[in-house]
Amino acid sequence: MPISHDTTNQESKTVTFPPFAKVLFRRDVRYISLRGGRGAAKSVSIAKALLIQAAQEPLRILCGREIMASLKDSVYAQLQDEIQTLGLSSFYSSTQNEIRGANGSVFLFAGFGDKSADSIKSFANVDAVWAEESQSISEKTWQALIPTIRKPGSRFFLSWNPRLESDATWIRFVENMPPDCLDVVVNYYDNPWFPKELEAVRLHDEGTLPPQVYRNIWLGEVMSSLEGSVYEHEIASLFNEKRARPLTIDSNLSLHAVFDLGIADDTSILMVQVSGEEVRIVDFIEGNRLKISDYSDQLKAKGFEKATIWLPHDARAKSLQTGLSMEEKFRELGWSKVEITPSISVEDGIMKVREMMPKTYIDTGNCAALIEHIRRYRRNRIGTLVHDEHSHASDALRYVAINLPAMRRPAMSDDVFNKPLKYRGNLALS
């Protein structure tokens, strides 16, 4: 049965909630997580519950998500709608950036991932945080935000549809759930007012979408990889066969630095050793809008100064500003072994990655971000490869596969698996 709650002491209006929403009024826990699929009334229930509580006592409530380009990306509009529904339009007033209550309550809005650690600290005095679309919040954000919200009795409200089992929010609040967390799974069938229009969409999706995708969208089940993931099978096998594991550099083998260069974009570097049929990816470096010399310095600082540099096929093109190619810039910086990746089609390169991956090992410490990029490299629904923050690392992986025949070396000793990857100041790499 739905539950009811009075809006304020001054008004007799009664608000009806889905049964699960009673947890939103608990004060004995720090984290209240509503997770599940589409149509469950998670967000609308949190909006109503927070508006009621902020009308009953002065509260500072921070509403945010990982990225908020503008107020339109926030729950601002939803709160405005629920103010009308609750009959609280005379109590709450709105500015361009805030919603304020007559008793001093205030709703603030922010993109957590857009804030520096210092700016996040300015939210220390809030009573509650509503993290909408929590599945997208990064571990870096959680590490900065959670210790900042330290006011006695402060709470976190999470509304989210789980996405990947490797997402920071899934790991933090499901796999490693804090003891003071209420984790409530809610879906469309928990919403007494689930609309018939949305039911028609759900039934169509149930009959047309891949089962894993349907269960994620409508039942909130976590996925091992994104819909359209290019390397879904390869990543699953990497973990099932325990080829994602701690590695160490073998100083008897050559080291290769394989680049995907994006000077005004993201750049990815895979550090690779090859022995016979086996490929060992031992480190991963990425950056944005850095100079070639910056990446060169990073490699040298890690002791990789004798590595062979592998650049994309267009690295011989001359820059109009300097008159030098990328290849020539690396040689000027002291890299004696600079190679160019042959130009082949992207789809042919993807096939080469699929051929390479069954004998590929990836270090789980230094290359955790690389694994996530590969996991999330995907096609859209018409089959086109998506160019986003995950495609650069995946392009570099493709260049490894293309250049693999030129990297072959004698068998690597098995003892590389016995200790974690460590760097030493002057590695003798041949």
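The values are calculated or read from the model by the stated rules, or taken from the named source; none is laboratory data. As the structure is a prediction and not an experimental result, all values here were calculated from the model. All Cβ positions, even for glycine, are placed from backbone atoms using ideal geometry, and neighbour counts span all protein chains on display. What goes into the accessible areas is simple: the full protein's heavy atoms, side chains included, and nothing from ligands, DNA or RNA. Shrake-Rupley method; radii C 1.70, N 1.55, O 1.52, S 1.80 Å.
Please give the peptides 62-70, 265-273 ranked by average Cβ packing (other Cβ atoms within 10 Å per residue), highest first, as a rough proxy for protection.
Listed from highest to lowest mean packing, they are 265-273, 62-70.
Computed from backbone phi, the HN-Hα couplings of segment 349-356 come to x, 4, 5, 5, 4, 4, 6, 7 Hz, rounded to whole numbers (Karplus: 6.51 cos²θ - 1.76 cosθ + 1.60, θ = phi - 60°; Gly and Pro given as x).
Between the amide H of Phe109 and those of Cys63, distances stay under 5 Å, these residues lying 5 or more places away or on another chain, with hydrogens modeled in the peptide plane. Gap in Å between the Cα centre of segment 52-84 and the Cα centre of segment 268-318? About 45 Å separates the Cα centre of segment 268-318 from the one of segment 52-84.
The angle between the Cα long axis of helix 42-56 and the longest principal axis of the Cα atoms of the chain comes to about 50 degrees, rounded to the nearest 10. In the elastic network of the chain, a GNM with C-alpha springs shorter than 10 Å, the most mobile of Ala369, Ala396, Ala102 is Ala102.
The HN-Hα couplings worked out from phi for segment 271-286 by the Karplus form 6.51 cos²θ - 1.76 cosθ + 1.60 (θ = phi - 60°) are 9, 10, 10, 10, 9, x, 8, 8, 10, 10, 9, 9, 7, 9, 10, 9 Hz, whole numbers, x standing for Gly and Pro.
For segment 190-197, the Karplus equation 6.51 cos²θ - 1.76 cosθ + 1.60, evaluated at θ = phi - 60°, returns couplings of 8, 9, x, 10, 4, x, 5, 5 Hz by residue, with Gly and Pro reported as x. Taking a straight Cα-Cα cut-off under 30 Å and skipping sequence neighbours fewer than 8 places away in the same chain, the lysines within cross-link reach of Lys242 are Lys140, Lys302, Lys306, Lys352, Lys359, Lys419, Lys422. Amide H contacts of Ser325: Ser319, each under 5 Å away and 5 or more positions distant or on a separate chain (H built 1.01 Å from N in the peptide plane; Pro and chain starts excluded).
Does segment 89-177 classify as rounded, prolate or oblate by the C-alpha gyration tensor (a ≥ b ≥ c root eigenvalues; a/c under 1.5 gives rounded; else a/b over b/c gives prolate, otherwise oblate)? In terms of gyration-tensor shape, prolate. How large a share of the accessible area of the chain, in percent, is made up of carbon and sulfur atoms when the probe is 1.4 Å and the other protein chains stay in place? Carbon-and-sulfur percentage of accessible area, whole number: 50.
At a probe radius of 1.4 angstrom, the accessible area of segment 217-365 per residue rounds to 44 square angstrom.
State the label only: which of (1) 24.7; (2) 19.0; (3) 40.5 corresponds to mean projected area of the Cα convex hull in nm² computed from the shown model? Checking each listed value against the structure points to (1). Cross-link partners of Lys22 among lysines, defined as those whose alpha carbon lies under 28 angstrom from its own and excluding same-chain residues fewer than eight positions apart: Lys13, Lys42, Lys48, Lys151, Lys196. Note on the chain: with charges restricted to the Cβ of Lys and Arg (+1) and Asp and Glu (-1), its dipole about the Cα centre is near 640 debye.
Remark: spin-label model distance Glu199-Glu339 equals 6.2 nm, labels positioned 7 Å along the Cα→Cβ axis. Close amide H partners of Leu59, meaning residues 5 or more places away or on another chain with modelled amide H under 5 Å apart, are Ser105, Val106. Rounded to the nearest 500, the 222 nm mean residue ellipticity of the chain from helices alone is -8500 deg cm²/dmol, with -39,500 (n - 2.57) taken per DSSP H run of at least 4 residues.
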